[in-house]
Amino acid sequence: MTTTMTVKTPERRIASPSRWRSLGRMAQTLWANGKARIGLCILGFFVLVAVLAPVIAPYGPKDNGFERNADASPAHWLGTTAAGEDVLSQLIHGTQISLVVGFAAGILSTIVAVLVGLSWGYLRGFASEAVGFVVNLFLVIPGLPLMIVIAAYLQNGGMLMIIAVIVVTGWAWGARVLRSQTQSLRGRDFVASAQFSGDSPARIVFHEILPNMTSIIAGTLFGAATAAILAEAGLEFLGLGDSSIVSWGTMLYWAQNSNSLLTGQWLLLFAPGLCIALLALSLTLINFGVDGISNPRLREGKGR
């Protein structure tokens with residue numbers, strides 16, 4: 001009598017890296033890029049200033065009991081405005097509004113771009129043509145004039161109005177980039193496998209295609225935030241925002257109205273303008289590191 005013994009061999013499981021490990025690798029790649037590291041340091045400085053503004057600002061942003069149009073002094077490092085307000089205190093408190101408006105508008109416009117771009121790239125037929133017509137319509141309309149017209153019509157709407165105007169006029173470019181990437185991923189084997197499995201289009205788009213576009217979405221976010229910060233400053237400078245709030249844009253607006261250059265107070269224009277330029281530069285530098293995440297050929301240092 002022959003006894004047959006069956007030996008069970010343990011199944012080999014391929015352990016996929018966890019999300020936290022993937023995020024750690026992305027952060028390491030981002031930090032390894034010298035340009036991105038400089039951008040992160042500059043951005044971290046501005047975030048720290050915005051968080052600690054009530055503590056580190058020597059005076060309130062609207063305290064106007066000081067000498068008007070005073071030059072820089074130990075009591076007022078950057079001088080005072082025509083209304084007797086401390087410029088340094090306004091510069092510190094203005095960081096909060098500029099960061100909030102920039103990142104809020106950037107995040108919202110990126111969300112719109114992701115929803116439109118992914119659906120536009122995955123769908124076919126009349127639906128794709130209809131979405132494409134709307135996107136191309138926003139692309140051919142000059143962004144700045146459209147922004148000025150909408151802001152002038154909705155004047156004195158406050159910070160929310162500025163965010164809404166920037167979102168309405170700033171999502172189309174990101175949607176077009178994401179649409180191209182979605183079309184290239186639509187023909188991959190894993191998408192075809194999900195289609196044959198009976199998955200719905202929404203699940204395929206958000207569970208199969210979207211995770212493979214993280215770096216592109218991050219780059220879109222930083223680009224949109226940069227454009228939003230510059231747009232907010234431009235609208236405030238033109239007097240189309242809420243002039244009662246303290247931001248870098250309103251500082252430029254009031255400095256222009258008080259003819260600061262003619263009175264020799266160039267710091268009223270130079271200080272907020274420099275902060276806007278540095279913040280936009282930091283986000284642009286971070287984008288170099290984000291490009292390295294999506295394209296290994298662009299990586300630097302230990303991240304290669």
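In the range 73-90, which residues are of a type in the set (A, V, I, L, M, F, W, C) and open to solvent by 20 Å² or more (accessible area, probe 1.4 Å)?
Ala75, Trp77, Leu78, Ala82, Ala83, Leu88
For the range 203-218, enumerate the residues that are open to solvent by 60 Å² or more (accessible area, probe 1.4 Å) and either in contact with a helix residue (DSSP H, G or I) (Cβ under 9 Å, 6 or more places away or on another chain) or of a type in the set (D, E, K, R) (or both).
Residues satisfying the conditions are Arg203, Phe206, His207, Asn212, Thr214.
List the residue pairs whose Cβ atoms are under 7 Å apart, where the first residue sits in the range 195-217 and is under 25 Å from Gly289 (Cα atoms), the second is open to solvent by 60 Å² or more (accessible area, probe 1.4 Å) and of a type in the set (Phe, Trp, Tyr), and the two are 6 or more positions apart or on different chains.
Listed by first residue and then by second, the contacts come to Glu208/Phe190.
Lys62 fails exactly one of the following numbered conditions: (1) part of a helix (DSSP H, G or I); (2) surrounded by fewer than 16 Cβ atoms within 10 Å (Cβ to Cβ); (3) of a type outside the set (Gly, Ala, Ser). What is the number of that condition?
Result: Lys62 fails condition (1) only.
Can you tell me how many residues in the range 246-272 are open to solvent by 40 Å² or more (accessible area, probe 1.4 Å) and part of a loop (DSSP other than H, G, I, E, B)?
6
Please work out if Leu221 is assigned to a loop (DSSP other than H, G, I, E, B) and either at pLDDT below 85 or under 30 Å from Tyr122 (Cβ atoms) (or both).
No.
Please pick out the residue among Gln183, Gln195 that is open to solvent by 70 Å² or more (accessible area, probe 1.4 Å), modelled with pLDDT of 85 or more and either in contact with a Gly (Cβ under 8 Å, 6 or more places away or on another chain) or part of a helix (DSSP H, G or I) (or both).
Every option except Gln183 fails the conditions.
The values are calculated or read from the model by the stated rules, or taken from the named source; none is laboratory data. On a predicted model such as this, the values are computed, not experimentally measured, just so you know. Methodologically, a virtual Cβ is constructed for each residue, glycine included, from the backbone with ideal geometry; neighbour enumeration extends over all protein chains shown. Just the protein is used for accessible areas: all its heavy atoms, side chains included, with ligands, DNA and RNA removed. Shrake-Rupley method; radii C 1.70, N 1.55, O 1.52, S 1.80 Å.
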